[in-house]
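What follows is a set of notes on a single structure, which appears directly below.
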Amino acid sequence: MAQPGQKNPSLLEGPVAGHLRRLALPMVWGILATMSFNVVDTYYVAHLGKGPLAAMSFTFPIVMVINSLAIGLGAGTSSAVARAYGAGDLARVRRLVTDASLLALLGALLISVLGLATIRPLFRLLGAPEEMLPLIADYMVPWYLGAVFAVVPMVALSALRAIGNSALTGRIMVAVALFNLALDPLLIFGLLGFPRLELQGAALSTVIARAVSFFAALFFLVKREHLMAPPSLRWASLRDSWRAILKVGLPAVATNAIIPMAGGVVVALVAVHGADAVAGLGVALRIEPLALIVFYALSSVVGPFMGQNAGAGKSERMCETVSVLARFCLGCGLGLALLLYFGSGFLVRLFSDSQAVLAVAIAYLTLVPFSYAGYGFVMSANAAFNGLGKPLPATLISFLRVLGIYLPLAWLGNRLWGITGLFAATAAANLLLGGFAWWWLRRTVEGRPLRRRELQA
């Protein structure tokens, strides 16, 4: 039988920068493809009219919360598996992957039951009008029934990344996004003999596409990488695995939740400057994720890389990783800042021709990107701490960035210099926390080596 990792280059030796580049490049395309899900759904549903589009908009907060839970479980799985894999404990790797998949399955079933039972009261609480509830149910009933296909693949793909196989993960993500792109118009509009399901078709397309990722990820885990063990219902074994996963997973959920919170704070503060200002910010925030895609991809592979080297006790490589990350974030951040400084005018005109909207979007994109180096390092540092099995620094850094630094600076900047001061506060928070994250991560990896029981806790 092939051993796990036999087809995957070792992350414990060879050039650090080369490994990170090899791991991150496939994830650029995978994350870009994943981002397309909501964009594609929104584009097609918009052709159905304002009612279906508004109904789907009401579902976004709930879908984001569930996705945050799935991402958190994935982060916990990746951290625990990478450290065990780096330590050479392949029996524990199999046990962790199997038990993590069971935990994800149980969590998804709970989401399905609670979600189906609370559609009407929950969306009334979110402010949905009574006449829109049937449309919301059309979307959410298939989504809740297919929750297992949203949660379990996140854990399975995280396990594949944890052993260094990000190329396969990226290919699965791209293939699933392309399948969703093709299936959406067929089920929404009833093309080529398919039934016209409208909003329900958008949800079914997503569920079916994610079901493909579910079976593909499990196939590769079981048949190619041999990372699954026979299921065990012994409570002591399950408790040990779930504790290791949730130690990182639960704080990772909180860390992911702070991101939309920060976005809500920005929108609320910009709203006092009028609708054009909010529209301008919206344009800038559509462009920004594409600019940051490289940082997202890097942060998705830093955790497994640090976890494997921590499991193997490779302190020198972890120190080198921090230096590589710092150099990359500084160089890439400066390049993106210059690109957007000179090209933002062209980009924002693709979305609007209103001078008021353009002024706000350009103001954001010529100022905030000069802090992307700091923001990029915050993302990478958070992933690195999770990989090391130390999630609390990541959570603290994220909350400190929003609540401890950004909000006071935003209030002061908005009061003294208006919307420009608000954007300057965003940049300052990114740079300050980027520097703080670099110091904390460097101090952590230069400290005493972690004991084996700490790595597996």
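The values are calculated or read from the model by the stated rules, or taken from the named source; none is laboratory data. The shown structure was predicted, so the numbers you read here are calculated from the model rather than taken from an experiment. Glycine also receives a Cβ, built like all others from the backbone with ideal geometry; neighbour counts cover every protein chain displayed.
Taking the range 91-122 as the search range and keeping residues that are of a type outside the set (Val, Ile, Thr) and in contact with a Phe, Trp or Tyr (Cβ under 6 Å, 6 or more places away or on another chain), which one is farthest from Leu73 (Cα to Cα)?
Our first condition is that a residue be of a type outside the set (Val, Ile, Thr); within the range 91-122, this holds for 91-92, 94-96, 99-110, 112, 114-117, 120-122.
From what's left, in contact with a Phe, Trp or Tyr (Cβ under 6 Å, 6 or more places away or on another chain): 103, 112, 115-116.
Working: Leu103: 9, Ser112: 17, Gly115: 19, Leu116: 22 Å.
Residue satisfying both the conditions and the ranking: Leu116.
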Could you please find all residues in the range 339-361 being in contact (Cβ under 8 Å) with a residue 60 or more places away in the chain and among the hydrophobic types (A, V, I, L, M, F, W, C)? Leu347, Val348, Phe351, Ala356, Val357, Leu358, Ala359, Val360, Ala361
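Filtering the range 302-320 down to residues that are assigned to a helix (DSSP H, G or I) and aliphatic (A, V, I, L, M), which residue is farthest from Arg161 (Cα to Cα)? Give the steps one after another, and end with the answer.
Of the range 302-320, the ones assigned to a helix (DSSP H, G or I) are 302-311, 315-320.
Restricting the remaining residues to those that are aliphatic (A, V, I, L, M) gives 302, 306, 310, 318.
On the way: Val302: 10, Met306: 12, Ala310: 16, Met318: 18 Å.
Across the range 302-320, the extreme among qualifying residues is Met318.
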For the range 150-179, enumerate the residues that are modelled with pLDDT under 90, out of contact with any Ser or Thr (no Cβ under 9 Å at 6 or more places or on another chain), surrounded by 24 or more Cβ atoms within 10 Å (Cβ to Cβ) and assigned to a helix (DSSP H, G or I). Gly170
Out of Trp235, Trp242, which single residue is hydrophobic (A, V, I, L, M, F, W, C) and at pLDDT 90 or above? Trp242
When residues of the range 215-241 are limited to those that are within 25 Å of the chain's Cα centre (by Cα) and not hydrophobic (A, V, I, L, M, F, W, C), the one surrounded by the fewest Cβ atoms within 10 Å (Cβ to Cβ): Ser241
Ala33 vs (1) at pLDDT below 90; (2) of a type in the set (A, V, I, L, M); (3) under 21 Å from Ser112 (Cβ atoms): all pass except (3)
